[in-house]
Amino acid sequence: LRKDVPLDPWGKPYVYKTPGEKGGDFDLVSYGKDGQPGGTGENADITNH
């Protein structure tokens with residue numbers, strides 16, 4: 001069954017990066033509330049590592 005990928009907590013799509021930045025096969029990233037790389041607080045990036 002194919003299901004839609006959920007959005008991040010701010011309603012934006014997650015970013016899939018391959019290969020991962022720290023030696024993994026991939027990274028999943030939310031760019032935070034502003035949707036831009038970097039930032040602090042609610043605008044900080046959230047990753048799987």
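What pairs come up if the first residue lies in the stretch 31-49 and is farther than 16 Å from residue 7 by Cα and of a type in the set (A, V, I, L, M, F, W, C), the second is at pLDDT 95 or above and surrounded by 14 or more Cβ atoms within 10 Å (Cβ to Cβ), and their beta carbons are under 8 Å apart, counting only those six or more places apart or on different chains? Pairs that qualify, where the first residue is farther than 16 Å from residue 7 by Cα and of a type in the set (A, V, I, L, M, F, W, C) and the partner is at pLDDT 95 or above and surrounded by 14 or more Cβ atoms within 10 Å (Cβ to Cβ), are 44/32.
Taking (1) in a loop (DSSP other than H, G, I, E, B); (2) surrounded by 15 or more Cβ atoms within 10 Å (Cβ to Cβ) in turn, residue 28 satisfies each apart from (1).
The values are calculated or read from the model by the stated rules, or taken from the named source; none is laboratory data. Since we're looking at a predicted model, the values are computed, not measured. With ideal geometry, Cβ positions are generated from the backbone for all residues, glycine too; neighbour counts draw on all protein chains shown.
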